[in-house]
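**Student:** Okay, here's the structure, questions in a sec.
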Amino acid sequence: MQKDMKRYYQKYRRRSDMALFLVLGGILAAVGVFGACSVEPVGLGAAVAAAGVLLAVLPQFAVFARCGFRGKDFVYRRAGLPRRIPAGEIGAAVLCIYDEYRRWKGFTPVTFAGQNGPLPLPALVLLRRCEGVEEELDICDTRSNTCAVFRKDVIASAPLDFDLLRELYESDFAGSFYISEYVHELYKPGFEQLFGGDGRVVVYDRIPKAVKERLQK
């Protein structure tokens with residue numbers, strides 16, 4: 001019998017997003033109910049109320065989406081829908097700063113309290129391809145930038161959990177781990193303990209690969 005997989009959340013700020021959709025959906029549903037009771041046609045108000053219920057409920061599947069390994073497959077959600085991919089078909093893993101969209105502020109890095117002050121939360125972004133990835137990593141300092149650069153190849157992204165990273169490392173995944181220099185310096189002991197001297201680990205910085213190659217000549 002297959003052991004239940006350990007599941008990891010794909011979003012960090014869940015409660016605030018949950019509350020937002022519940023409030024917006026509740027308001028829309030209340031307006032629809034009021035309209036159905038006091039304004040003709042009744043069907044229009046009922047449709048607005050139904051839309052409010054859907055707005056409150058459906059986004060929660062994306063807000064509370066989880067991922068993990070089940071056997072040799074990586075299981076995740078995309079737009080709230082369940083997906084899976086064999087670990088051997090994952091081309092690359094990019095480790096950078098985790099950021100999320102915050103209303104009125106745009107995409108901002110997520111931090112948590114560390115012993116010496118706030119620390120940025122790292123992110124894990126899984127890609128379908130490995131070829132040519134290094135040439136485009138210079139602007140991939142955050143999760144949103146990485147997903148924008150490799151938008152056609154992104155499988156899933158999530159806040160980095162070292163247990164999830166270990167499961168990926170011990171799976172059939174045969175691609176490379178690309179770690180931003182900033183994140184690598186912050187969590188270097190953890191990476192060294194997990195990866196050792198594995199040649200699949202590549203630390204990248206903000207200098208384009210083409211520029212570095214010219215400077216080395």
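**Student:** If contacts are Cα pairs under 8 angstrom and at least 6 residues apart, what is the relative contact order of segment 82-149 in percent?
**Tutor:** 37 percent
**Student:** May I ask you to order 89-98, 184-193 by the average number of other C-beta atoms within 10 Å around their residues, highest value first?
**Tutor:** Numbers: 89-98: 23.1, 184-193: 14.3.
In decreasing order of mean packing, 89-98, 184-193 become 89-98, 184-193.
**Student:** Another question about this same structure. Order these peptides, 132-138, 116-122, 142-148, by their mean beta-carbon neighbour count within 10 angstrom, highest first.
**Tutor:** The densest-packed peptide leads the list: 142-148, 132-138, 116-122.
**Student:** In addition: If you take every DSSP beta bridge whose two residues both sit in the chain, what share of them, in percent to the nearest 5, is antiparallel?
**Tutor:** Around 75 percent of the beta bridges assigned by DSSP in the chain are antiparallel ones.
**Student:** Additional query: Given Cα pairs under 8 Å that are at least 6 residues apart, what percent is the relative contact order of the chain? Before the final figure, lay out the partial values.
**Tutor:** Values: 373 pairs, mean separation 39.9, N = 217.
It rounds to 18 percent for the chain.
**Student:** Run through all the Cα pairs of segment 53-97 and give the fraction in each 10 Å bin from 0, expressed as whole percent.
**Tutor:** 25, 41, 26, 8
**Student:** If I compute solvent accessible area with a 1.4 Å probe over the protein chains, what percent of it on the chain is carbon and sulfur?
**Tutor:** 57 percent
**Student:** Moving on to the next point. Any idea of the accessible area per residue across the chain, 1.4 Å probe, to the nearest Å²?
**Tutor:** I get 58 Å² per residue for the chain.
**Student:** I need the shape label for segment 96-217. Rule: rounded when a/c is under 1.5, else prolate if a/b > b/c, else oblate, with a, b, c from the alpha carbon gyration tensor.
**Tutor:** It comes out rounded by the Cα gyration axes.
**Student:** Which label belongs to the value computed from this structure, given these candidates for semi-axes √(5λ) of the Cα gyration tensor in Å: [x] 40, 16, 14; [y] 39, 20, 17; [z] 45, 17, 14?
**Tutor:** [y]
**Student:** Let me ask something additional. For segment 145-201 and segment 48-91, what is the separation of their Cα centres, given in Å?
**Tutor:** The two parts, judged by their Cα centres, are 21 Å apart.
**Student:** Scanning the chain for helices, which whole DSSP H stretches are 18 Å or more long along the axis (Cα) and average -1.0 or more by Kyte-Doolittle?
**Tutor:** Working: long enough: 15-38 (34 Å, 1.60); 42-57 (23 Å, 2.36).
In the chain, the long hydrophobic H runs are 15-38, 42-57.
The values are calculated or read from the model by the stated rules, or taken from the named source; none is laboratory data. Not measured: the values here are computed from a predicted model. Cβ: placed from backbone, ideal geometry, glycine included. Neighbour counts: every protein chain shown. In case anyone asks, the SASA skips ligands and DNA or RNA and just uses the protein heavy atoms, side chains included. Shrake-Rupley method; radii C 1.70, N 1.55, O 1.52, S 1.80 Å.
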